[in-house]
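I have placed the structure first, in the form of structure tokens, so that the comments after it can refer back to it.
The values are calculated or read from the model by the stated rules, or taken from the named source; none is laboratory data. The shown structure was predicted, so the numbers you read here are calculated from the model rather than taken from an experiment. Reconstructed Cβ throughout: ideal geometry from the backbone, glycine too, with neighbour counts over all protein chains shown. Areas reflect the complete protein model, heavy atoms only, side chains present, ligands, DNA and RNA absent. Shrake-Rupley method; radii C 1.70, N 1.55, O 1.52, S 1.80 Å.
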Amino acid sequence: DPAAQGLRGLPVALYQYQDVFCVSHEARALGVRKHSSPKEALGLLAPAGGHLLHAFMRQYPGPRVWYARYAQFGRRVADYIRRIVGGTGVVERSSVDEVYADVSRRCD
């Protein structure tokens, strides 16, 4: 989202249904953690000029979060890690935002 470009480098957390599910490194440094309540996260973010963002909602087929952009960037990060690891390691994507990489063969 082009509007989000101004948030780069700032403490930011994303929430839905009273649950924080995505936290920037800058926000983690302030003590914001995954599964914090939005109220708790905002209390840590606001004094530092941080932002608490609500996930996009869609109306059909019901009030659900729209993860398409989030998933798209998760795939891009996984693909980037695969390129770095190359054929010498194993990369395994475990969820929309988690990737495990075994790079031990590159260390030999």
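Brief remarks follow.
- Residue list for the range 10-24, filter: hydrophobic (A, V, I, L, M, F, W, C) and within 13 Å of the chain's Cα centre (by Cα): VAL12, ALA13, LEU14, VAL20, PHE21, CYS22, VAL23
- Restricting attention to the range 33-56, the residues that are open to solvent by less than 30 Å² (accessible area, probe 1.4 Å) and either acidic (Asp, Glu) or in a loop (DSSP other than H, G, I, E, B) (or both) add up to 3.
- Scanning the range 11-32 for residues that are assigned to a helix (DSSP H, G or I) and either closer than 18 Å to ASP97 by Cβ or in contact with an Asp or Glu (Cβ under 8 Å, 6 or more places away or on another chain) (or both) gives HIS25, GLU26, ALA27, ARG28.
- Residue in the range 16-32 that is modelled with the lowest pLDDT, counting only those that are buried (at least 20 other Cβ atoms within 10 Å of the Cβ) and not β-branched (Val, Ile, Thr): SER24
- Taken over the range 69-108, the criterion of being over 21 Å from PHE21 (Cβ atoms) and part of a loop (DSSP other than H, G, I, E, B) is satisfied by GLY89, VAL103, ASP108.
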